[in-house]
Amino acid sequence: MVALICFVLAVLASLFKSKNRLEAENAVLRHQLVVLRRKRKGRARLTNNDRWFFVRMYRWFPPILNVVTIIEPETLVRWHRAGFRRYWRWKSRSRGGRPQIDAELRALIRHMSMENLVWGAPRIHGELLKLGFSVAQSTVATYMVKRRGPPSQGWRTFLRNHVPDIAAMDLFVVPTIGFKLLYGFVIVRLSRRDLVWINVTTNPTAEWIARQITEAFPWNEDPRYLVRDRDRIYGAVVTRRLRAMGIRDKPTAPASPWQNGFAERLIGSIRRECLDHIVVLGEEHLPTASERIGH
């Protein structure tokens, strides 16, 4: 009576199962019958093909554990896990390639990269070759210490290192009370934005600018670079004077005043803080008013 009730319940439950699941269960039941028909004496002997069949069916349809009778469900799950381990062991097997390097060499690469922050993989690779270690540059890059910051200095650090050796000069125009034009000439050091020289003239020439540069820099205080714009007033006389003083002339690109930003910023300060508040009387009046800004 109990068996009949279980059979009726199984038939009713099959109405709610999917077609694929029913086909899988039927395939498992038929295969179990095949295995039992092969049995002669004692326990049923399962071949590797039988195990593979049950494992694949369990992988696709885990509910088939309910219809497997010739083996324990735990056994089927154990076969499935063993097959999973063997599969990934096969996938991760060594396929040749470069041999692994020793732990001492890996530690040496990490130590060299930590002690020499500006060295990259090419430099460390070259040093290792000098020491007699035959290792590829890509391997060195793999075992180097990964830094969070940029691999080299940024532009801010680069400019900060060179700023003490750079100065800039520029001309600006100032109208007087009599509607005449004065030309102011300024030289500023980029390191501390110091106003090195300022002078005024009504007729600027290349000879006059060359003389101002000579007076602005004694021989022991010359900058290495002098930035200027491409005004035609800076003629051959100025360039020869700079070359004689050991200063490298650095003209800006055409129509690029931002490249001489320090001098332009100083001239803007002179205009905003001085010239916008006074009326320039003449050539003698302008230097006195401008020097107040510089100091």
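Exactly one residue out of ARG211, ARG241 is under 45 Å from the mean Cα position of the chain (by Cα) and of a type outside the set (Gly, Ala, Ser): that is ARG241.
Filter segment 158-179 down to the residues that are of a type in the set (A, V, I, L, M, F, W, C) and either touching a Ser or Thr at 6+ places or on another chain (Cβ under 8 Å) or in contact (Cβ under 8 Å) with a residue 12 or more places away in the chain (or both) and list them by number.
Initial filter on segment 158-179 (of a type in the set (A, V, I, L, M, F, W, C)): 158-159, 163, 166-169, 171-174, 177, 179.
Within segment 158-179, VAL163, ILE166, ALA167, ALA168, MET169, LEU171, PHE172, VAL174, ILE177 qualify.
For segment 264-276, check the following and say yes or no: at least one residue is modelled with pLDDT of 90 or more and among the hydrophobic types (A, V, I, L, M, F, W, C). Yes: segment 264-276 contains one or more residues that are modelled with pLDDT of 90 or more and among the hydrophobic types (A, V, I, L, M, F, W, C).
ASP231 fails exactly one of the following numbered conditions: (1) outside the structural domain of TRP119 (by TED's automatic domain parsing); (2) free of Cβ contacts under 8 Å to residues at least 60 places away in the same chain. What is the number of that condition? Exception for ASP231: condition (2). Exactly one residue among ILE101, ILE70 is part of a loop (DSSP other than H, G, I, E, B), modelled with pLDDT of 80 or more and either farther than 30 Å from ARG192 by Cβ or aliphatic (A, V, I, L, M) (or both), and that residue is ILE101.
When only residues in segment 116-132 that are under 21 Å from the mean Cα position of the chain (by Cα) and either modelled with pLDDT of 85 or more or surrounded by 11 or more Cβ atoms within 10 Å (Cβ to Cβ) (or both) count, which is nearest to SER191 (Cα to Cα)?
Step one: list which residues in segment 116-132 are under 21 Å from the mean Cα position of the chain (by Cα), which gives 116-124.
Filter once more, so that each one left must be either modelled with pLDDT of 85 or more or surrounded by 11 or more Cβ atoms within 10 Å (Cβ to Cβ) (or both): 116-117, 119-124.
Numbers: ASN116: 28, LEU117: 26, TRP119: 29, GLY120: 31, ALA121: 34, PRO122: 34, ARG123: 33, ILE124: 35 Å.
Among those residues, the one meeting the criterion is LEU117.
Of all residues in segment 57-67, those being surrounded by 14 or more Cβ atoms within 10 Å (Cβ to Cβ) and modelled with pLDDT under 70 number 2.
Specify the residue that is farthest from LEU242 (Cα to Cα); the eligible residues are those in segment 166-180 that are surrounded by 15 or more Cβ atoms within 10 Å (Cβ to Cβ) and of a type outside the set (A, V, I, L, M, F, W, C). Reasoning before the result, please.
At the first step, the residues of segment 166-180 found to be surrounded by 15 or more Cβ atoms within 10 Å (Cβ to Cβ) are 166-172, 174, 176.
Adding the requirement that they be of a type outside the set (A, V, I, L, M, F, W, C) leaves 170, 176.
Working: ASP170: 15, THR176: 32 Å.
This residue is THR176.
Taken as a whole, segment 133-154 holds at least one residue that is over 25 Å from the mean Cα position of the chain (by Cα) and either part of a helix (DSSP H, G or I) or buried (at least 17 other Cβ atoms within 10 Å of the Cβ) (or both). Against the list (1) more than 21 Å from VAL174 (Cα to Cα); (2) touching a Lys or Arg at 6+ places or on another chain (Cβ under 9 Å); (3) buried (at least 16 other Cβ atoms within 10 Å of the Cβ), the condition PHE217 fails is (2).
The values are calculated or read from the model by the stated rules, or taken from the named source; none is laboratory data. Worth saying up front: this structure is predicted, and the values here are computed from it rather than measured. Every residue, glycine as well, gets a Cβ built from its backbone with ideal geometry; the counts of neighbours run over all protein chains shown.
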